[in-house]
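Take a look at the structure set out below.
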Amino acid sequence: VYGFSPGAPEDISFRVFENSVSVLGGMATRRQVRVTVRNAGRSHGFDLLIYLPNAAPRPVPVFLGLNFYGNHTVAPDPSIRITDSWMRENASFAIVDHQSTEASRGVNAHCWPVTRIVERGYGLATIYYGDIDPDFDDGFENGVHPLYDEGQRTDAHWGAIGAWAWGLSRAVDYFETDDDIDAGRVAVMGHSRLGKTALWAGAQDERFALTISSGSGCGGAKIFRRNYGETIEHLNRAFPHWFCRNFTTYTNNEDALPIDQHELIALVAPRPVYVTSAVEDRWADPRGEFLAAKRAEPVYRLLGVGGCDADEFPKPLKPVRSRIGYHIRHGSHDVLPYDWERWMDAADQHVR
Ligand code: GCU
């Protein structure tokens, strides 16, 4: 589905280029780190934006997630470096000019309740996904792919989701070097295509202590064979760069797949996983997302860590708090404060 990803790079280095010890009214430290990876004589870099709670004992547990529109859109702070990578357009931000401008600082802050996260004793780390790999079909010539794929791409090679997930693991490489961050207590989260990415990252890298999917839908948490909402045909047509080429074999051919997505979730076992849906997000098939979480249960039970404590599709705002967690809330395809509060509850339960 996602293709094979390379392991850790030949060489990786980190440069802390900002460290402000008193931001958010003194509650937090903000750190920005340039991550540079080198392989096969080429290099590629991306920025990690990190907030750490000053009141929490060191090292702190952190949430890690990719963002859609640049680190500078996560918070309205003029010190956050604006990327010069390819930038995803979003008409709803009503930014007349290109988005990588001062005017777009903090435009996506509603998805990132930094103050609340810090208040609850967690750090937050984020990377702009386009810094790792641009989100368009570029023949894999940009982003991190050229470091690995030169002259050897096969139909089983990683696509963009594989690259983004690989980038998340590089953030953990950094955490392992930072005494303020507990690399053993990292919750990886993501929404939508980045929710697909978080699941794939959590499945592959056992350093993630908790894996959280928000509205990840088709190619994420939902069961492909449901034939509801988005299909493999749509994924491969609209986003041919997300998956490996072999995945096109299953366009209009779901039944031929040797797997389904409950097995992706089961790959995270025995580590905790939390799946989130929204009632109006029918494109992502909420029931199919729940069913995949539920059907991962035999593997969790086999490993002796409990399962998914819901026999029926849960009602909205009735979170399932077992090792496989789940909630559905009212509203649409988005990340809302309610989601973050439940994810932090899950982190309190499993990670802290
Ligand atoms: C589209 C796509 C989904 C994806 C979403 C997103 O709706 O069809 O698969 O999850 O974009 O990432 O925003």
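Taken together, the values in this text are just the output of simple stated rules run on the coordinates, not laboratory data. All values reported here derive from a predicted model rather than from experimental measurement. Glycine also receives a Cβ, built like all others from the backbone with ideal geometry; neighbour counts cover every protein chain displayed.
A compact table of results
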| item | result |
| --- | --- |
| Extension gain, Glu206 back to Ser20 (0.36 nm per residue minus Cα-Cα distance, nm) | 63.9 nm |
| Options Pro146, Leu124, Val172, ranked by Cα towards positive dipole end of the range 106-186, top entry (Cβ charges) | Leu124 |
| Karplus-derived HN-Hα couplings along the range 125-140 (A = 6.51, B = -1.76, C = 1.60, θ = phi - 60°), whole Hz, x at Gly and Pro | 10, 9, 10, 6, 4, x, 6, 7, 7, x, 9, 8, 7, 10, x, 6 |
| Ascending count of other beta-carbon atoms within 10 Å, so fewest first, for Thr126, Thr36 | Thr36, Thr126 |
| Neighbour-count ranking [beta-carbon atoms within 10 angstrom, fewest first] of Tyr2, Tyr148 | Tyr148, Tyr2 |
| Relative contact order %, the chain, counting alpha carbon pairs below 8 Å whose residues are six or more apart | 15 percent |
| Two-site FRET efficiency, Glu312 against Val279, from Cβ-Cβ distance with R₀ of 22 Å, rounded to 0.05 | 0.90 |
| Cα-centred dipole magnitude for the range 141-272, charges only on beta-carbon of K, R (+1) and D, E (-1), debye, nearest 20 | 500 debye |
| Positive-pole candidate from Gln204, Ala40, Ala163, dipole of the chain, charges at beta carbon | Gln204 |
| Sorted by Cβ density within 10 Å, fewest first, the residues His145, His333, His44 | His333, His44, His145 |
| Most fluctuating residue given options Leu52, Leu317, Leu194, as computed from a GNM of the chain linking Cα atoms under 10 Å | Leu317 |
| 17 Å reach of a label modelled at Asn246, 7 Å along Cα-to-Cβ, counting backbone N of the range 138-176 | 152-163 |
| Cα convex hull of the chain - mean projected area over all directions, nm² | 16.6 nm² |
| Check: the chain dipole with +1 on Lys, Arg Cβ and -1 on Asp, Glu Cβ, in debye | 820 debye |
